[in-house]
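Participant: Below is one structure. I have some questions about it.
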Amino acid sequence: MLSVSGIGLAIGGARILNDISFELEKGKMLGVIGPNGAGKTTLFNVISGLVRPTAGVVAIDGQDITRTAVHRRAAAGLGRTFQTSSLFPSLTVRENVRLAAQAALGGASSILRRPGRSDAAETAAFDALAEVGLEERVNTAAGDLSHGEKRKLEIAMLLVADPKVVLLDEPMAGVASGDVPGLTEVIRRIHGAGRTVAMVEHHMEVLLGLVDQVAVLHHGEMLALGAPDEVMRDRTVQTAYLGEAA
Ligand SMILES: Nc1ncnc2c1ncn2[C@@H]1O[C@H](COP(=O)(O)OP(=O)(O)OP(=O)(O)O)[C@@H](O)[C@H]1O
Ligand SMILES: [Mg+2]
């Protein structure tokens, strides 16, 4: 479903990513780990089209999207969240999701249209909010949500486009420990609905409880790739990453 092969990125002589490859089957979840600055977010930027790689191919469901514009990737079935929050804090939860739904369904110009009560955007927004369990918070300003709820809202905003492949960049970052189980459950649910997911996450307990495969990045290289227990037992991973983190 998601295929990344031989991805390289060189910026001004610096090699940010070097020969990164993995295949993720439909409905599987990949965890991406590695120290700060390893290239995890940059890899997601390449997959989502914000950064163009200097080598390699990205494909979704067999379709080469390496040179596809960012907004066209949503139509190809790709959705992502960002490491830093991307909400309109003064708008309500419902308004945030509705804007995302209008953009996804009708292109940017439809945002200017007067919203009808029962149109497709409203339905998509409602379904997405139900999927992440934020129905009770629809009239709350996004800025007044807890960090955990903000992350759920960001996930709802990508679900409106009904993506086949979802990229989550550190969903647990800044989330209070009490909110971690609820947010973990939401991720499990969107994955359980048949979506293919790749997730960068420093919270190892959460990550290992969710994923089928782990990729370890280190200085822009793929240090290890495989089943979670296999990768966590790997000596090079322990010294290069876990040793450093400890
Ligand atoms: N546009 C750019 N120009 C130059 N260097 C860049 C650019 N984008 C990223 N980098 C560098 O690439 C490296 C990887 O950064 P990246 O943000 O992908 O790391 P990360 O693994 O996501 O780290 P973190 O865990 O801190 O989020 C860093 O050294 C960063 O400074
Ligand atoms: Mg990052």
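Participant: Is it the case that some residue within region 67-80 is within 16 Å of ligand 2 (Cβ to nearest atom) and surrounded by 14 or more Cβ atoms within 10 Å (Cβ to Cβ)?
Facilitator: Looking through region 67-80, at least one residue is within 16 Å of ligand 2 (Cβ to nearest atom) and surrounded by 14 or more Cβ atoms within 10 Å (Cβ to Cβ).
Participant: Could you please find all residues in region 74-85 being out of contact with any His (no Cβ under 9 Å at 6 or more places or on another chain) and within 21 Å of V32 (Cα to Cα)?
Facilitator: Taking region 74-85 as the starting set, the residues that turn out to be out of contact with any His (no Cβ under 9 Å at 6 or more places or on another chain) are 74-84.
Once the filter is applied, which keeps residues that are out of contact with any His (no Cβ under 9 Å at 6 or more places or on another chain) and within 21 Å of V32 (Cα to Cα), region 74-85 yields G77, L78, G79, R80, T81, F82, Q83, T84.
Participant: Looking only at region 214-238, how many residues end up being small (G, A, S) and surrounded by fewer than 19 Cβ atoms within 10 Å (Cβ to Cβ)?
Facilitator: Narrowing region 214-238 to residues small (G, A, S): 215, 220, 224, 226-227.
Imposing the further condition that a residue be surrounded by fewer than 19 Cβ atoms within 10 Å (Cβ to Cβ) reduces the set to 226-227.
Residues that pass the stated criteria total 2.
Participant: Further question: Residues that are in contact (Cβ under 8 Å) with a residue 60 or more places away in the chain, over 15 Å from the mean Cα position of the chain (by Cα), under 27 Å from A59 (Cα atoms) and open to solvent by less than 20 Å² (accessible area, probe 1.4 Å): does region 157-170 have at least one?
Facilitator: no
Participant: Also, I was wondering about something else. For E201, are the conditions met, namely being under 13 Å from the mean Cα position of the chain (by Cα) and of a type in the set (D, E, K, R)?
Facilitator: On the way: under 13 Å from the mean Cα position of the chain (by Cα): yes; of a type in the set (D, E, K, R): yes.
Yes, satisfied.
Participant: Any residue at all in region 140-147 that's within 25 Å of T42 (Cα to Cα), at pLDDT below 95 and either more than 16 Å from ligand 2 (Cβ to nearest atom) or among the acidic types (D, E) (or both)? It would help to see each step written out before you state the result.
Facilitator: Narrowing region 140-147 to residues within 25 Å of T42 (Cα to Cα): 147.
Right, trim to at pLDDT below 95 and you get 147.
Next, from what is left, pick out any that are either more than 16 Å from ligand 2 (Cβ to nearest atom) or among the acidic types (D, E) (or both): 147.
Within region 140-147 (the criterion being within 25 Å of T42 (Cα to Cα), at pLDDT below 95 and either more than 16 Å from ligand 2 (Cβ to nearest atom) or among the acidic types (D, E) (or both)), the answer is yes, since at least one residue qualifies.
Participant: Take the residues in region 34-64 that are closer than 15 Å to M222 by Cβ and under 12 Å from the mean Cα position of the chain (by Cα); name whichever of them is farthest from ligand 2 (Cβ to nearest atom).
Facilitator: I47
Participant: Is there any pair with a first residue in region 38-54 that is more than 15 Å from E170 (Cβ to Cβ) and a second that is of a type in the set (S, T, N, Q) and within 13 Å of ligand 2 (Cβ to nearest atom) whose Cβ atoms are under 9 Å apart and which are 6 or more apart or on different chains, and what are they?
Facilitator: Listed pairs, sorted by first residue: V51/T42; V51/N45.
Participant: With the requirement that a residue be among the hydroxyl-bearing types (S, T, Y) and either at pLDDT below 90 or within 25 Å of G194 (Cα to Cα) (or both), what does region 66-125 give you?
Facilitator: Passing the criteria: T66, T68, T81, T84, S85, S86, S109, S110, S118, T123.
Participant: Quickly run through region 125-146 and pick out the residues that are of a type outside the set (A, V, I, L, M), exposed (fewer than 15 other Cβ atoms within 10 Å of the Cβ) and out of contact with any helix residue (DSSP H, G or I) (no Cβ under 7 Å at 6 or more places or on another chain).
Facilitator: Within region 125-146, E136, G143, D144 meet the criteria.
Participant: Pick out, from region 157-228, the strands (runs of 3 or more DSSP E) lying fully within it that include 2 or more residues that are within 16 Å of G133 (Cα to Cα) and not aliphatic (A, V, I, L, M). Spell out the reasoning first.
Facilitator: Details: elements: 165-169, 196-200, 213-218, 221-226.
Output list is empty.
The values are calculated or read from the model by the stated rules, or taken from the named source; none is laboratory data. Since the structure is predicted, the reported quantities are computational estimates derived from the model, not experimental observations. Cβ: placed from backbone, ideal geometry, glycine included. Neighbour counts: every protein chain shown. Calculation scope for accessible area: heavy atoms of the full protein, side chains included, ligands and nucleic acids excluded. Shrake-Rupley method; radii C 1.70, N 1.55, O 1.52, S 1.80 Å.
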